[in-house]
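Heads up: the structure comes next, in C-alpha cells.
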Ligand code: ADP
C-alpha cells in the first residue's frame, strides 16, 4: 500500500514538474486515486475477515456439536449403566443420580437435596466417609442384603474441592461364590480328617513291622507315611484358615509370658535344628509378660520358627523380642536359602511355595497366610526382608492391650 502511495506521489510530482499550472487538478486526481486504493484495500480486508469469521464459526460449531454428542453419550452411558452412581457437590447437594441408583436403593426425587436429609443410615455413612475426607475411597461394604464395591473420586481442580462422584459396583455374587468356596473347602477338609487319621494310624502300625519288609517296601512305607502326614497338615491348615476367615474372630487377651512361650517353642524344634546343624539364639528385652491373645502369638511364633528351620541348612537363627510404644516386636532372622525378590510379595498368598520340587519335605504353602491373617485379626503387621542365599528376616508388630 505505502509503496503504491509513494509511486503515485512520484507520478504527481513528475506531472507538476511538467506543468505546474495544473497542480490543483493533479492534487484532486491524486486524492481520488488514494481514496479508491483505500476503498479497494478495505474491501479486501473485509472479505478476508468475513471468510475468517465463517471458517472460525464452522470450527466452533463442529467442536460444540462434538461436545454435545460426547455429553449425550456420557449421559446415556451413566443413565443406563448397571452400577449405581451418585454425584454430590461441594455443598453436599445431590446433583446427579442414575437410574440404577434409584432402583438399587429405592431412592427417587433426591436430586437437588442435601445428602443428610435423604440418604438412609448405611448409605449415609459411606457417603459421609467419602465426602468429608475428600479422598479416593475403594472398599467393599454391605448395604442391606447386598455387597457393593464402593469407588469414590473427589473432583479437585486448582486445589479446590468441587464434590465427589461415588460408584457402587454390586459384588454380592462374587462374595456369595467366595463364601460357598470357603464353606466347601472347610466342609471337605473336615470330612477328610477322619479317613486321613485312619490311614496314618494304619501306616504307622504297618511301619512297626518294618523288620518283615524288604528295602523297597520300607522306602514306600516311609513315603506313604510322610505324604499322609503332609495331607493331614494341609487339612489342618485349611481348617485353621477357614476358621480365621469367619467374620469377627474372638480374641482372648490374657497376660502372656512371651519369653516362656518362645523358649517352649524353641524346645519343640530343637531336635530338628540340631539335626540340620542350626544354632537357635534367643534375645529378649522383655522383663515381664504382655497382655496379648495367647493362641495368635503361638501360631505366629511356631510358623515363623518352623519356616526358619525348614528353609535353612545350618547357620544361626536369631529370635528377638521387645516391647516399644505399646507394641510387641518379634523378629525371626535366619541365614537360610532366602527368598527371590520377585516372590517376596507372593509368600503370604494361599498355597504359594517358592520351590515345589522339595518333594516329601514340602510344607503346605498355607503357614504364612495363616500368620498374616492372625496378625491382621490382632491389628498388627508383618514385614519381610530377604536375600536369595543369604537369609530372611521376618518382623512382626502386634499392639499390646
Ligand atoms: P510352606 O508350608 O511352604 O512353608 P508358608 O506359607 O509358610 O508355606 O511359606 C510360603 C513360602 O514362602 C515357602 O514355600 C517358602 O518358599 C517361602 N518362605 C517362607 N519362610 C521362608 C524362610 N524363612 N526362608 C525362605 N523362604 C521362606
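A few comments on the model shown:
- Yes/no for residue 287 being surrounded by fewer than 20 Cβ atoms within 10 Å (Cβ to Cβ), farther than 30 Å from residue 200 by Cα, within 16 Å of the ligand (Cβ to nearest atom) and in the same structural domain as residue 336 (by TED's automatic domain parsing): no
- Residue count, region 385-401 (criterion: more than 8 Å from the ligand (Cβ to nearest atom) and touching a strand residue (DSSP E or B) at 6+ places or on another chain (Cβ under 6 Å)): 9
- Checking each residue in region 277-303 for being under 20 Å from residue 348 (Cβ atoms) and in contact with a helix residue (DSSP H, G or I) (Cβ under 7 Å, 6 or more places away or on another chain) picks out 296, 297, 298, 299, 300, 301, 302, 303.
- Answer from 73, 78 - the residue that is assigned to a helix (DSSP H, G or I) and surrounded by 11 or more Cβ atoms within 10 Å (Cβ to Cβ): 78
- Tabulated pairs, region 85-98, first in the same structural domain as residue 126 (by TED's automatic domain parsing), second surrounded by fewer than 16 Cβ atoms within 10 Å (Cβ to Cβ) and not in a strand (DSSP E or B), C-beta under 6 angstrom, 6+ apart or interchain: 94/111; 94/113; 98/79
- Scanning region 144-172 for residues being more than 22 Å from the chain's Cα centre (by Cα) and within 20 Å of residue 116 (Cα to Cα) gives a total of 4.
- Condition met for residue 342 (more than 8 Å from the ligand (Cβ to nearest atom), in contact (Cβ under 8 Å) with a residue 60 or more places away in the chain, on the phi < 0 side of the Ramachandran plot and under 19 Å from the mean Cα position of the chain (by Cα)): no
- None of 308, 273 is in contact (Cβ under 8 Å) with a residue 40 or more places away in the chain, out of contact with any helix residue (DSSP H, G or I) (no Cβ under 8 Å at 6 or more places or on another chain) and within 16 Å of the ligand (Cβ to nearest atom) except 308.
- Of note, residue 316 does not satisfy the criterion of being in contact with a helix residue (DSSP H, G or I) (Cβ under 9 Å, 6 or more places away or on another chain) and either within 16 Å of the ligand (Cβ to nearest atom) or in contact (Cβ under 8 Å) with a residue 24 or more places away in the chain (or both).
The values are calculated or read from the model by the stated rules, or taken from the named source; none is laboratory data. This is a predicted model, so every value here is computed, not measured. With ideal geometry, Cβ positions are generated from the backbone for all residues, glycine too; neighbour counts draw on all protein chains shown.
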